[in-house]
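S.K.: Sending over a structure as structure tokens; questions will come in a sec.
No lab work stands behind these numbers, since they all come straight from the coordinates. These numbers were taken from a predicted model, which means no experiment stands behind them. Ideal geometry is used to build each Cβ from the backbone, glycine not excepted, and the neighbour counts take in all protein chains shown.
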Amino acid sequence: MANDGIRLFRTLAHPCGYFSDRMAINQVLDPESPQLAQFYARALAHGFRRAGDAIYRPHCHTCNACVPYRIPIADFRTDRAQRRTLARNQDIAVHWRTAEPCEEHFGLYRRYLAERHTGGGMDHPSLDDYQRFLLSHWANTWFMELRLQGELVGAAVTDIVADAASAVYTYFDPQHAKRSLGTLAILKQIEHCRSLALPHLYLGFWIEGHPKMHYKQNLKPGQIRDESGWKAADSENTPPI
């Protein structure tokens with residue numbers, strides 16, 4: 001993308017968020033560029049992801065475990081378990097609103113991290129931490145709210161671009177874990193993509209065999225990306241960890 005008018009940088013090595021014995025390096029589009037919003041859709045198609053105002057993708061020297069993953073909306077079909085999740089949550093109301101700092105969302109985010117990511121370095125976030133990680137000054141970002149009798153029980157931070165949506169992050173009330181609200185959030189984002197005629201939903205990176213990524217392989221058909229482009233996700237196409 002550097003040849004298209006935006007510079008590409010590489011970060012210093014830092015501890016990997018998925019493997020405690022590995023170091024990670026990212027490629028990052030110039031964070032000072034005024035063209036980030038313009039290039040975002042193309043960056044997603046090239047396997048990048050957003051965190052805060054940064055657009056990045058892993059570029060580690062000795063590891064290629066992080067694989068970009070997306071859902072082709074026209075081909076997606078729910079399986080039996082996903083249909084049960086939808087039926088179990090018929091009492092959940094879905095609302096879309098422009099993303100902005102909100103104490104209600106921040107409180108839910110803190111409860112989610114305290115339960116799901118204890119000791120991982122994210123479990124005591126400040127409001128500034130929350131905003132720097134999930135919100136952006138330039139992206140078209142939305143909150144998809146899941147509400148039970150008016151109470152916020154789940155939220156999906158979602159970016160919308162001209163030809164796709166990107167699932168940035170999902171958090172939910174740990175007291176409702178049996179409802180599979182994370183899966184519900186993805187299914188509802190897929191429905192939203194269909195309503196907007198968006199062909200793809202980007203789900204960030206997939207890591208074969210990693211417990212935090214297991215749910216993605218149940219969203220079929222999925223597509224992964226390597227140097228040759230996007231292809232169907234199956235056991236023959238996935239790289240070794």
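S.K.: For the pair residue 21/residue 126, report the inter-label distance in nm, with labels modelled 7 Å from Cα in the Cβ direction.
M.R.: 3.6
S.K.: Here is a follow-up. What Kirkwood hydrodynamic radius, in Å, does the stretch 79-219 give when the mean of 1/r is taken over all pairs of distinct Cα atoms and then inverted?
M.R.: After inverting the pairwise mean of 1/r, the radius is 15.7 Å.
S.K.: Moving to a separate point now. Determine the relative contact order of the stretch 2-66: mean sequence separation of Cα pairs under 8 Å and six or more apart, normalised by residue count, in whole percent.
M.R.: Here the relative contact order equals 30 percent.
S.K.: Just to be sure I follow the rule: in the chain, considering lysines 8 or more places apart or on different chains, how many pairs have Cα atoms under 19 Å apart?
M.R.: Total qualifying Lys-Lys pairs in the chain comes to 8.
S.K.: Normalising by the residue count of the stretch 69-232, find the relative contact order in percent from Cα pairs under 8 Å and 6+ residues apart.
M.R.: Relative contact order for the stretch 69-232 comes out at 32 percent.
S.K.: Taking Cβ-Cβ under 4.7 Å as the only way to count a partner, pick out the unpartnered cysteines of the chain.
M.R.: Flagged as lacking a Cys partner: 16, 66, 102, 193.
S.K.: Compute and list, largest first, the equivalent-ellipsoid semi-axes of the stretch 14-53 from the alpha carbon gyration tensor, each √(5λ) rounded to a whole angstrom.
M.R.: After scaling each eigenvalue by five and taking roots: 25, 11, 8 Å.
S.K.: Roughly how big is the chain's charge dipole about its Cα centre, with Cβ charges of +1 (Lys, Arg) and -1 (Asp, Glu), in debye to the nearest 20?
M.R.: Its charge dipole is roughly 680 debye.
S.K.: Moving on. With the crude spin-label approximation of a point 7 Å out along Cα→Cβ, what separation in nm comes out for residue 80 versus residue 162?
M.R.: About 4.4 nm separates the two model spin labels.
S.K.: I need the per residue convex hull volume for the chain, using only the alpha carbons, in cubic angstrom as a whole number.
M.R.: 133
S.K.: Now, a different point. Where in the stretch 176-232 are there GluC sites (Glu not before Pro) that are in a DSSP coil and have at most 11 other Cβ atoms within 10 angstrom of their Cβ?
M.R.: 227
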